[in-house]
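The values are calculated or read from the model by the stated rules, or taken from the named source; none is laboratory data. Just so you know, these numbers come straight off a predicted model, no measurement behind them. For neighbour counting, all protein chains shown are included, and Cβ atoms are generated from backbone atoms with ideal geometry for every residue, glycine included. Calculation scope for accessible area: heavy atoms of the full protein, side chains included, ligands and nucleic acids excluded. Shrake-Rupley method; radii C 1.70, N 1.55, O 1.52, S 1.80 Å.
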Amino acid sequence: MEARLNLHANPLVGKLFKHFNAAGKVLTDSTLPAATQELVKIRASQINGCAFCTDMHTKDATAAGESVTRLHLVATWREATVFTEAERAALELAEQGTRIADAAGGVTDEAWADAAKHYDEDQLAALVALIALINAYNRANVIVQQPAGDYVPGMFG
């Protein structure tokens, strides 16, 4: 399988992704827990059908010490007992934020209030930005049919 466009070699995309990556660094350095960040990136990537990001973020999470059980259950987090209430609230917000086109009302007040019970204002801001950013990455990769499976943790810096 070959991508329609080489996002990693295109100079224009390189300039754009430099800014995306800088935004990602701000989020990585935020107080939003790293495990929550990876779970959110994985779940949004699963919903969007982004194999490249799903591969990347499951491998990054594994390298950071995430359990295989939790990674296997991200897609079915509602029925799983291995996630904290805070993580469940973040995953719900991620799902609703990713599926905006599927819901006429967007993100529900209930999902927002539940997340706000577990995260402070800066963490909520990071969560919103993270959901938006991973969705942007997902869309670029899905549009060009970016192949997955060869990612090695740390290969992008």
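Scan the range 29-51 and tell me whether some residue there is hydrophobic (A, V, I, L, M, F, W, C), touching a Phe, Trp or Tyr at 6+ places or on another chain (Cβ under 6 Å) and crowded, with 22+ Cβ neighbours inside 10 Å. Within the range 29-51 (the criterion being hydrophobic (A, V, I, L, M, F, W, C), touching a Phe, Trp or Tyr at 6+ places or on another chain (Cβ under 6 Å) and crowded, with 22+ Cβ neighbours inside 10 Å), the answer is no, since none of the residues qualifies. Being in a loop (DSSP other than H, G, I, E, B), at pLDDT 95 or above and not aliphatic (A, V, I, L, M) holds for only one residue in Q123, Q146, and it is Q146. Of the set (1) of a type in the set (D, E); (2) open to solvent by less than 50 Å² (accessible area, probe 1.4 Å); (3) under 20 Å from G97 (Cβ atoms), all apply to D55 but (3). In the range 62-73, the residues that are open to solvent by less than 70 Å² (accessible area, probe 1.4 Å) reach residues that are β-branched (V, I, T) and at pLDDT 95 or above with C-beta atoms within less than 7 angstrom, at least six apart or across chains, in these pairs: R70/V82; L71/T58; L71/T62; L73/V82. All conditions but one from (1) more than 13 Å from T36 (Cβ to Cβ); (2) open to solvent by less than 60 Å² (accessible area, probe 1.4 Å) apply to Q123; the one that does not is (1). For the range 94-123, residues that are under 15 Å from A44 (Cβ atoms), touching a residue at least 24 places away in the same chain (Cβ under 8 Å) and touching an Asp or Glu at 6+ places or on another chain (Cβ under 8 Å) total 1.
For R99, the conditions (1) within 17 Å of the chain's Cα centre (by Cα); (2) within 24 Å of N6 (Cα to Cα); (3) open to solvent by 80 Å² or more (accessible area, probe 1.4 Å) all hold with the exception of (2). Would you check if L5 is surrounded by 11 or more Cβ atoms within 10 Å (Cβ to Cβ), out of contact with any Phe, Trp or Tyr (no Cβ under 7 Å at 6 or more places or on another chain) and not small (G, A, S)? Spelling it out, L5 is indeed surrounded by 11 or more Cβ atoms within 10 Å (Cβ to Cβ), out of contact with any Phe, Trp or Tyr (no Cβ under 7 Å at 6 or more places or on another chain) and not small (G, A, S).
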